Amino acid sequence: MGIEVVPAARFADIATMVGPKKPDSDVCWCLSYRVTSKENQALHRQERGRRVEQLLREGPPGVLAYDGDDVVGWAAVHPRADTSFATNRRIPHVDDLDVWSVWCIRVRPGHRGQGISHALLEGAVQFARDGGAPAIEGYPVDNGGEKVDLTMAYVGTRALFQKAGFRKAADTESVLNGFPRVLMRLDLTN
C-alpha cells in the first residue's frame with residue numbers, strides 16, 4: 001500500500017474529505033469538537049467551510065492520507081486545549097498535561113478496508129509528536145467487535161487505537177451509537 005499521510009495543507013482536499021456534496025448543506029466539516037458548541041451551532045452552510053479555511057491559515061487542522069495524488073482519508077488532530085474536549089464534561093481529563101486529541105478518522109468510500117484508518121492514526125500521532133505533544137488522546141467507542149454504524153464510526157474503535165499502541169486511560173460518560181466511549185492515550189515522551 002502506497003498511502004502517505006501528511007499534515008493537511010490544501011483546503012480543497014479537506015473539503016473533499018469533510019465538506020458537503022452540496023455547498024448549501026449544513027454538514028459537520030469536522031468542526032463539532034474543534035470550535036465551541038456555541039460557535040458550532042451558529043455556523044451554517046458556506047460559513048462552515050470558511051471557518052475551516054480560517055483554521056487552516058492558522059496551521060494544519062489535521063492530517064490527510066493520499067494514495068498517489070488522490071486524497072483518501074482525514075484525521076482531525078490538534079491540541080486538546082484548542083478543542084471542545086478542553087471543557088467537555090463527559091470526557092475526563094486524566095491529568096494536566098498539554099495533550100493533543102484525535103477525534104475524527106474518515107476514509108473515503110471505495111478505499112475502506114485497506115488499512116488507511118491505521119495509517120491515518122499513525123500520521124496523527126506523528127503530527128502530534130512533531131508538534132511537541134507529550135501525549136495524544138482519542139475517544140473511540142468500545143464496541144467489543146460489534147459493527148458500528150458508518151455515520152458514527154468517525155471516532156474509531158478501541159481496537160484501532162490499541163493496535164496503534166494506545167492504552168485505556170479512563171472511562172467516559174459519553175456514549176455513541178449505543179457504545180460507551182473510552183479515553184485512550186499514547187505517551188509520546190519515550
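Over the chain, average the accessible area per residue using a 1.4 Å probe and give it in Å², no decimals.
Details: 9870 Å² over 190 residues.
With the other protein chains kept in place, the chain gives 52 Å² per residue.
If you put +1 on each Lys and Arg Cβ and -1 on each Asp and Glu Cβ, how big is the dipole of the chain around its Cα centre, in Debye rounded to 20?
420 debye
Carbon-plus-sulfur fraction of the accessible area of the chain, 1.4 Å probe, in percent? Let's see the in-between values first.
Values: 4630 of 9870 Å².
On the chain, the fraction of accessible area on carbon and sulfur atoms equals 47 percent.
Which shape class, rounded, prolate or oblate, goes with the chain when its Cα gyration tensor gives a ≥ b ≥ c as root eigenvalues, a/c under 1.5 marks rounded, and past that a/b bigger than b/c marks prolate?
Numbers: a/c = 1.30, a/b = 1.17, b/c = 1.11.
Note, shape of the chain comes out rounded.
The values are calculated or read from the model by the stated rules, or taken from the named source; none is laboratory data. Quantities reported herein were computed from a predicted structural model and do not represent experimental measurements. With ideal geometry, Cβ positions are generated from the backbone for all residues, glycine too; neighbour counts draw on all protein chains shown. Ligands, DNA and RNA are excluded from the accessible area calculation, which covers all protein heavy atoms including side chains. Shrake-Rupley method; radii C 1.70, N 1.55, O 1.52, S 1.80 Å.
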